[in-house]
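The values are calculated or read from the model by the stated rules, or taken from the named source; none is laboratory data. Because the structure is a prediction, the values reported are computed rather than measured. Cβ atoms come from the backbone with ideal geometry, glycine included; neighbour counts cover every protein chain shown. For the accessible areas, the whole protein counts, side chains as well, though only heavy atoms, and no ligand, DNA or RNA atoms are used. Shrake-Rupley method; radii C 1.70, N 1.55, O 1.52, S 1.80 Å.
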Amino acid sequence: MNSRSDRCYRLGIVVLAILPLSALSGVVGATTSTLTLVRDGQPAATIVVAQSAGHIPWFAAGELQYHVRKITGATLPIVANDAEVRGTRILVGASRQTESLGFRNGDFKPQEYLIGFRPDTLLLMGRDRENDSFPVHVTGQLSRVDGKFGKALEFTGTQAVSVSAHGFSDEAGTLEAWVWLGDQRPDAGTVFRLDGNPWTYHIVDLQGGALRYVVYDGKSGRSVASTELANGWHHLCASHDARAGKIELFVDGASCGTAAYAATSCSNAPTLLIGALLADGKPANAFRGRVDEVRLERAAHSPSADWATQSRASDASTLVRLSFDESAGPPRELSGRPRATMPPSLDDALSPQATCYAVYDFLERYCDVRWYAPTELGMVYPARPTLEVGGTDIRRTPAFEFRHHAPSGVGKAYVGLSAPPTDEEQRLFVARRRLGGKNFMTNHSFYDFYDRFWEQNPQRSELFEGRREEYWAKGYNGRPPQLCYTSPQLIAQVVKDARAKLDGGADYVQLVPMDNNQQCQCATCQALLDTENHSRQFSTGKASGLFWTFANAVARDVRQSHPDKFVGTIAYYDYAFPPRFDLEPNILVGPCLHTRNWWSPAMERNDLAFYQGWVRKAPGRLHCVWLYQCFPDEIAEGNRFKPFPGFHAHTLARQFQMFGRDK
């Protein structure tokens with residue numbers, strides 16, 4: 001194969017498909033060792049994560065701990081890399097220990113991971129995101145200035161710092177910081193904020209010239225405020241204690257008073273906010289001034305005796321500590337404690353997280369865990385008091401670079417069994433099925449043309465460039481259902497858009513018509529339709545001549561300016577079958593198969609006919625498959641009848657294996 005074909009071949013993708021164990025490729029090493037993780041219901045291993053690790057290793061460690069506890073009843077301790085280790089050492093993610101064994105994060109290819117067995121050591125690691133500042137996230141441009149001790153952050157109204165996995169306790173705790181006040185003192189200038197669910201909050205803010213600590217418990221709010229403060233540095237210490245039933249605010253070592261306190265729900269607050277409230281991702285109620293030496297403690301206390309003279313190191317009560325003394329980049333969290341984390345967001349599924357792949361593959365292979373659906377209802381695992389594992393090293397990457405499953409319909413499987421899965425349960429399912437990878441989504445790509453070139457949309461008025469009648473399908477009243485795919489002006493516009501995206505760094509552009517078969521009625525378009533094709537199947541070639549002629553025209557011009565880039569298409573509906581002519585070499589094709597409907601021999605034969613036609617027509621250029629699991633349920637819902645459940649796991653496996661072989 002030439003270099004372009006080789007690159008196409010590596011872009012193996014499954015769209016709307018769940019990754020099975022058999023769809024993975026890898027290299028198996030020769031090292032063999034047996035390790036005990038749990039013996040007779042008691043922990044016999046320790047999970048070790050680098051203190052500076054990002055979100056993914058900490059999350060993966062928590063998932064390993066959770067599943068081992070489900071299997072054995074034992075909770076394996078999770079420690080940072082400098083802590084004492086008892087029993088088998090389980091290294092999760094890159095660390096100094098993995099480096100001493102010859103494994104560094106940067107040595108792994110994208111999405112590659114390792115399950116490694118060494119004497120007394122299990123390695124579970126892979127390529128993760130570099131320079132992950134977890135659990136700290138910065139909004140806006142940071143500026144470091146002279147602080148009370150070392151450096152501080154300067155807040156000018158456009159910045160916020162958020163800390164996830166903060167560990168806040170509604171029972172008791174203390175928020176502490178040094179703040180520098182200048183002449184700008186806006187009301188509601190946020191120093192600290194936590195918002196719980198159901199809605200409660202803890203807020204420390206600046207009200208004119210005074211600092212205030214206010215708590216809302218879902219029924220009523222109570223606050224304590226200082227007197228007006230002079231310009232310069234001030235130490236604040238805001239504590240809450242449910243057992244004592246009070247909140248208390250200290251400023252510069254002196255109590256400003258107390259107020260009644262009832263426990264809030266802020267332990268589930270997604271982040272501890274510093275410097276501003278985030279409204280739709282933008283800072284609001286922003287503090288103006290400087291902040292230094294931030295701390296969150298798990299106990300309620302008054303300022304320490306040395307509060308005015310030195311910064312304090314972390315201790316057993318410290319949940320969050322930020323000193324802001326880094327030379328550049330986001331602040332580092334310095335408490336030194338292990339972190340329980342939430343599942344990655346759906347967007348983060350596309351970021352490097354191969355340590356998760358290592359943990360989940362390990363749980364499948366060596367612990368017999370399976371995840372068939374979200375929530376514990378869909379999880380299957382054995383129960384055993386002793387867990388011993390062993391084998392040879394496995395170092396591998398997924399066979400498909402992109403794996404995606406549309407969430408629609410997942411909750412329907414739970415009707416009559418349990419409540420639909422929550423957002424967190426959906427995100428857990430996405431992580432456990434190892435969906436994500438390198439984003440190569442290819443779908444209907446021209447719907448924004450209505451807002452750009454048909455009529456102005458009040459909700460997106462900035463997109464409108466003027467009506468372009470010549471772009472649109474002829475022969476329809478009102479809004480046209482399709483574009484005129486033989487229009488030279490349309491082709492020129494699509495090529496222009498494609499070049500702009502590719503110049504912006506994209507590897508490919510999508511080229512997929514609207515989701516209907518109402519083609520343009522102009523003579524040129526009609527001449528390219530197969531009017532003799534009377535197939536009653538959904539997938540036909542009635543419009544293959546029209547669409548693939550259009551795709552060739554766009555791809556040909558794109559290749560002249562971007563010879564190393566691609567045009568992503570799908571073989572779908574009335575352009576599912578290959579055309580009689582050859583395609584441009586930079587066109588990638590994604591056949592669309594009716595996975596759940598292969599109970600019908602006629603549909604299976606039809607799907608295989610056009611799929612195999614594409615294997616012959618575009619060898620090495622099948623970049624994805626769409627596997628439809630929504631039919632006939634979608635049809636039944638629209639027509640108010642109940643379809644047969646349509647279990648199709650074995651069909652999915654066949655199609656995965658087929659695509660893995662043919663891509």
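Can you work out which of the residues in segment 334-363 that are small (Gly, Ala, Ser) and within 22 Å of residue 122 (Cα to Cα) is most open to solvent (accessible area, probe 1.4 Å)?
If we take residues in segment 334-363 being small (Gly, Ala, Ser) and within 22 Å of residue 122 (Cα to Cα), then 340 is most open to solvent (accessible area, probe 1.4 Å).
What number of residues within segment 443-491 satisfy the criterion of being free of Cβ contacts under 8 Å to residues at least 12 places away in the same chain, surrounded by 12 or more Cβ atoms within 10 Å (Cβ to Cβ) and not in a loop (DSSP other than H, G, I, E, B)?
2
How about segment 276-308: which of its residues are free of Cβ contacts under 8 Å to residues at least 24 places away in the same chain and open to solvent by 40 Å² or more (accessible area, probe 1.4 Å)?
279, 280, 305, 306
Identify all residues within segment 76-99 that are aliphatic (A, V, I, L, M) and either within 24 Å of the chain's Cα centre (by Cα) or surrounded by fewer than 21 Cβ atoms within 10 Å (Cβ to Cβ) (or both); write none if there are none.
78, 79, 80, 83, 85, 91, 92, 94
Collect the residues in segment 222-239 that are open to solvent by less than 50 Å² (accessible area, probe 1.4 Å), in a strand (DSSP E or B) and free of Cβ contacts under 8 Å to residues at least 60 places away in the same chain, keeping them in residue-number order. Let's see the steps before the verdict.
Filtering segment 222-239 for residues open to solvent by less than 50 Å² (accessible area, probe 1.4 Å) gives 224, 226, 229, 232, 234-239.
Still in the list and also in a strand (DSSP E or B): 224, 232, 234-239.
Selection gives 224, 232, 234.
Out of the residues in segment 592-620 that are assigned to a loop (DSSP other than H, G, I, E, B) and among the aromatic types (Phe, Trp, Tyr), which is surrounded by the fewest Cβ atoms within 10 Å (Cβ to Cβ)? Before the answer, list the steps.
Going through segment 592-620, the residues assigned to a loop (DSSP other than H, G, I, E, B) turn out to be 594, 598-600, 618-620.
Pick out the ones that are also among the aromatic types (Phe, Trp, Tyr) and you get 598-599.
Values: 598: 20, 599: 14.
Here the residue is 599.
I'd like to verify a number: residues in segment 621-643 that are in a loop (DSSP other than H, G, I, E, B) and in contact (Cβ under 8 Å) with a residue 12 or more places away in the chain, how many? Spell out how you get there, then give the answer.
Going residue by residue through segment 621-643, those that are in a loop (DSSP other than H, G, I, E, B) are 621, 623-625, 628-632, 640-643.
Next cut, in contact (Cβ under 8 Å) with a residue 12 or more places away in the chain only: 621, 623-625, 628-632.
Result for segment 621-643: 9.
Given the criterion out of contact with any Phe, Trp or Tyr (no Cβ under 6 Å at 6 or more places or on another chain), of a type in the set (Ser, Thr, Tyr) and closer than 23 Å to residue 492 by Cα, identify the matching residue among 561, 544, 535.
Step by step, each of 561, 544, 535 is checked, and only 561 is out of contact with any Phe, Trp or Tyr (no Cβ under 6 Å at 6 or more places or on another chain), of a type in the set (Ser, Thr, Tyr) and closer than 23 Å to residue 492 by Cα.
All but one of (1) without any contact (Cβ under 8 Å) to a residue 60 or more places away in the chain; (2) surrounded by fewer than 22 Cβ atoms within 10 Å (Cβ to Cβ) hold for residue 330; state the number of the condition that does not hold.
Going through the list (1) without any contact (Cβ under 8 Å) to a residue 60 or more places away in the chain; (2) surrounded by fewer than 22 Cβ atoms within 10 Å (Cβ to Cβ), residue 330 breaks only (1).
Just to check your reading of the model, which residue among 198, 186 is surrounded by fewer than 18 Cβ atoms within 10 Å (Cβ to Cβ) and more than 26 Å from the chain's Cα centre (by Cα)?
Exactly one of 198, 186 is surrounded by fewer than 18 Cβ atoms within 10 Å (Cβ to Cβ) and more than 26 Å from the chain's Cα centre (by Cα), namely 186.
Restricting attention to segment 421-428, does a residue exist that is free of Cβ contacts under 8 Å to residues at least 24 places away in the same chain and hydrophobic (A, V, I, L, M, F, W, C)?
no
Which residue out of 515, 497, 451, 423 is acidic (Asp, Glu) and touching a His at 6+ places or on another chain (Cβ under 7 Å)?
515
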